[in-house]
1. If the reach is capped at under 18 angstrom between alpha carbons, list the lysines near residue B:609, excluding any in the same chain fewer than eight residues apart.
2. From the square roots a ≥ b ≥ c of the eigenvalues of the alpha-carbon gyration tensor of the protein assembly as shown, which class results: rounded (a/c under 1.5), prolate (a/b over b/c), or oblate?
3. Give the Kirkwood hydrodynamic radius (Å, one decimal) of segment C:311-393, defined as one over the mean of 1/r across all pairs of different Cα atoms.
4. Give me, ordered by chain and number, the residues 5 or more places off residue C:145 or on other chains with an amide H under 5 Å from its own placed amide H.
5. Along the Cα→Cβ direction, 7 angstrom out, place labels at residue B:542 and residue B:111. What is the inter-label distance in nm?
6. Kindly put C:273, C:240, B:373 in sequence by how many other C-beta atoms sit within 10 Å of each C-beta, fewest to most.
7. For chain C, what does -39500 (n - 2.57) per DSSP helix run (n ≥ 4), summed and divided by total residues, give at 222 nm, in deg cm²/dmol to the nearest 500?
8. Given 10 Å bins starting at zero, what is the percent of C-alpha pairs of segment A:9-70 in each, up to the one with the largest pair distance?
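What follows is calculated from the coordinates using simple rules that are stated; it is not laboratory data. Please read all numbers here as calculations on a predicted model, not as lab measurements. Cβ sites come from the backbone with ideal geometry, for glycine too, and all protein chains shown count toward neighbours.
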Amino acid sequence: MKRSNITDEPAHLPIHVFLVIFTLLAIYPVLWVFTIAFSGGQSLAIADLPSDPTFLDRLRAILPWPEQVSLSNFKSVMTDQPFARWILNSAVVAAATTVLGVFLATTAGYAFSRFRFPGQRAGLMSFLVSQMFPGTLMLIPLYIIIVGWLGLGSTWIGLILVYATTSIPFCVWMLKGYFDTIPLELEESARIDGATPIQIFIKIILPLAKPAVAVTALFSFMTGWNEFILAATFMDEEVMYTAPVGLRFFVGGFSQQWGYFAAGSIIVSIPVVLLFLFLQKYLVSGLTAGAVKG
Amino acid sequence: MNLEAVKPRRLAIGLSLALLFAVGFGLWLQARGRAGLSAMVAERSAIVSLNALTEIVERVGLEGDSLQGAVARYVELHDGVASARVIRFQGIRMMASTAPEDTGEQAAPRKMAREEKPLYDLGQSLRAAVETNVQEGRAFKTEIDLQKLPAGGVGLAGPVAEGDKIVGAVLIEAIPSVYQVGGASWLQALLVLVVPILLLFALVKVVGDRPLVLLLLAALLLLVAVFLHGILGLEALHEERMAAEAHISQELTLTARGLATILAQEGLTASPPLEPADWDVDRFRRPLGLVTESAVDEQAVAVREAGEGRSYINLMIPVTVAALVLLGFVGLGAAGRTGAALSRHRVAYFYVMPAMVAMILLVFFPFSYGILLSFTNSNVYNTDQPLSDIWIGVENFVDILTDFELVKTTEDGRVFNYQNFYWTLGFTIIWTVTNVAVGVSVGLFLALILNTKGLVLKPIYRVLLILPWAIPNYITALIWQGMFHSQFGVINQVIQMFGGEGLSWFDSPFTAFITVLSTNGWLSFPFMMVISLGALQSIPNDLYEAARVDGATRWQQFKTITLPSLKPALVPAVIISVIWTFNQFNVIYLVSGGEPGGSTEILITEAYKIAFEQYRYGYAAAYSVVIFIILLTYGIWQNRVTGASEGV
Amino acid sequence: MQTRRFAIVTGTLLIGLILVPLGALAQTELVVWHAYRGGEKAAFEKAVAEYNKAKGGSIKVSTLAVPYDAYADKITAAVPRGNGPDIFIYAQDRLGGWIEAGNTIEPLDFFLEDEITSRFLPTTMEAMTYQDTVYGLPLNYKVITQIYNKKLVSSPPKTSGELVANAQKMTDATVGKFGLAYAYNDFYYHAALMNAFGGGVFGADGKPTMNSAANVKALEYLMMWADEKKILPAEPSTALITSLFNEGKAGIVFSGPWFLGEIDAGVDFGLALLPTIDEAGSPMRPWMTVEGVYIGAPSQHKDEAYDFAKFLTDKPAGVIMAVEGRQTPANTAVYDDAKVAADPILQAFRKQVEVAVPMPNKAEMTMVWSPATTAMNVIIKKNATPKAAMEEAQKEVVQRIAALRK
């Protein structure tokens, strides 16, 4: 396989062929979900095989197109339970997590980048190290703290606090790297012009760091949108469940309702995929600029 | 160490602070010891009263007519017992009661009222505890229940036996007279605090300006002061202890006499003879063997005191070390410098504070609790006990790390022990390495291809190839599990399409590993691809131009220009990816669930199962700490090797 | 359409405004948690609505459905800390663990009267009892039974001899046809054979008996069915069993009520009692999973909660749960109801449960599954004899239990 980005180009056609095949294989699971969702049934199988299937029969069974197209799964998912309300809960929690997460990460990242103070390296390392804590086992202590001591069970705030905190370490690390690439002279000249530190931070630094802030927002949103076990444990009222909790009703324990699960998955995935697409032009530069000092 | 900063004044301040801290802690411990002694006497007196009453009840019999009378007379005779009740399980009946409201219509014997349900449940749980202890052959559950009553006094409950079976319970409300234990000697404490300071100043005059010597002398003074204070305190405590035991011995005598009177009045034989020493038991109803009616067993008491003395020493050692550190900290001037630094950088600290506070409260604090838990034997049976009672030190860690039984030999051959820590560790390492390798190679390869200049449809490819990352991973994990379904799953359908037999993917460790590897590889390549793309795009074209002019082949260009430029971006990404993959709970849990037989568990899913299926919280916490230490070691090593965090 | 909706909404608001102060006067609110879905959930909510109606506003019960995967952890986290429901419904397998954890489940002995306890199948009451104290009222039970294809099996076998004879005639492994197909590698299903031979997981003294002679004998008997008589498929996954039965390639299946929903419409199936094992002299005794109604220990309304529990386990509610929810209630009187008596499926399970054994509810039970499953897999793959594998399992279970006792 030729790989190079200099002027004597490799042939595009083999590259396209490879990419098309690979992309199709890579998104096959997604297509499969769409097929099951639109099939109107609950079975895992795309098509029922006759007892002695031929090659064509089997091929039909793996092609991602349902035997009959129906919207009944989607209808059931939205009407049999308050799925819309659950999505709203997820949206509120994820949005607030994003705001809080961005706030916490940008302030800390800015400090780590611009200031030299005792405990700076230790602080930064401790953020990285905290990623190594196995989080699943903190369920009970977190429950005691959030629901017991702070009394924030079954509220949006309880989840928002935990999610925002979870997303801090990676975002701070990334933001610091990005802030490091912004030249100090900009701040110097602004300070000479009489701007306060806060003005400099909000009006100059943040806009320049848009890619990294976008990635921070994306990560915080994903943390808030995709979490299951804490939401299921903290929330005591059905109206307060979030979307992942609702989805688990369909495939868990003794129920295997793949049709509803697929339909619900699509509904739940759309917002985060859209956000990804919207922010994807920032993804590349936001994640790497800090490391590759341009 | 900045020895010039050592000045007599600083040393004096440091020494006073350290003394205050250490001696203060010692005083606190000793005061707690005295309070504990007082509480012990109260508890033992109450238990003696309870057991004496139980003795009468068992001799009269729950059905006996004179039960009510005997109980009433007992309460009369005993100042310390305010009221007593006897219940029988069969028929849920109150057989005797001296509570003021239980007279006339409500007089015992009668059926128990709704408000008395907690008493009945308590009695039954004591019965269950006795039966469990018999079955287990050891003191596992407490057989006497002791609760502080809101209105003052103590409520006790104990089982009543008939032959082998527990048929009822005795419940009393005791208001034990407060046993006064001698207070601390304030003069002693004052002396221990002041004298060393004076001595220090004297020594400064003698020794002169030799900082190191002064520092060491101050440390020595601290140690001597703490040691002396400890010795004197423990001595005093011993005196008090002997007096308390004598007091209990007297109580036994009095109670026995009272009981003998009641037995005579009720016309019951005094045989078998009363054994008052058997009334002095712990909450598991094991005789303490410390006192009898007439004497105190000094040796037995000494054994118990030795245990308490040891725990005093164990606690004072870290405290003294901390005091020494405090002395050094202040004495060497570090305290002053810290204060100045804090104030100088207050803007920075102000910016960092919100994130730090959130992290400390919601991440570091729960994890510290987890670390504490890992030194205990916490499990579902002892969650109500304070951590110090179930402390087992490093035993959990020893158990985890010394379990070398990787291969079990049975009659028919050798079988891998999948629950073994080293198997799980090995599997986790293999899992991490292969996943990161797959993710990096696939991601980098795709990035290189996509970076071809002028490639049409590039945005479309990029968008589609990010999808595996964008979709929530618990959704995709379940989807992949469905695709590997042995009957209806797509993978097997494809295999069968080409004439093969579908595999039972989750029935053998290797194929199960393939399932989770595919899932996680699929999930992780987009991240690597994006990082690589970003790094590739920032490599200036002129470098390649120059290399081409120099006649370098494409492969040489790749090795000398591309790879080194990618390193600063890829290395942190690899570190993060290693950490995330090592702890990737969702994929293993949802796709293979550790099947078959726990062979595809990684350390974190194993820890989860230990906590929630085996109810062993302390052991699971130790597992998590081991995971953490492994990752920490890796992070430090990786850092050193690549200087990655320097770049960041 | 719009005006109609508007009218309904305003009307409800007005009525609510009037009723709320009236209701709030002396209303006790109870919360009950469950993990039901679909038809069961609808039936359950109907029963709850009946109760609320009967109480005329003095007690109001509201329900919360919890996803099954998060349910047990949620109870463990929330209830002991006072944040849980007044009542919750769960099977008996976690009962021991929750009782040992403390402050989770309220003992019911004090409330129980003979007329209440006598309405249940005695074995279901046993499942709700831990250390001789009753902790819940049994709601329903699930057992496996014999499900046969009427086209392939004219009369279901009553003894193991008949079973083997008929199955051998039917079995042709080359075309994938089997006389008997069930998930025999799943320890839960195998328990039916194990109990028939008098084996079990825990002895009377509460100590594990994985390696007892009876257990080994049961396993050897199973392997005889598989190897010598060859009437069983080699790798019995639940998916395989389902597809075999639906394709008419399995004559008899041992499974429970959950299997019935998977059977294709075209298969004419019948239910019969599990056969008697000639060599053991006893019928196959499957484990029964009993769902119980428990009262949360921190609940502030225990008497009302008990009243609700009594209602739920009484005949009228039981008929709703049986006919519409497709459950098999533990209340024996339910089976006299006309609709229930006419239902062959419900009656079949009712007959089967007579010989069923309640699954142990000890806390240590959760530690048994993993070693047991490993042992089953090893035995079936012939990597070890039953004796050796069960010795291993026994060692593992004893070790795990000892670790909790240090």
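1. C:74, C:362
2. The shape class here is oblate.
3. Hydrodynamic radius (Kirkwood, Cα only) of segment C:311-393 equals 15.7 Å.
4. Amide H neighbours of residue C:145, under 5 Å, 5+ apart: C:255, C:256.
5. The modelled label-to-label distance comes out at 10.0 nm.
6. If I rank by nearby Cβ atoms, fewest first, I get C:273, C:240, B:373.
7. Only helices count here, giving -13000 deg cm²/dmol.
8. Percent of pairs per bin, in order: 21, 37, 26, 12, 4, 0.
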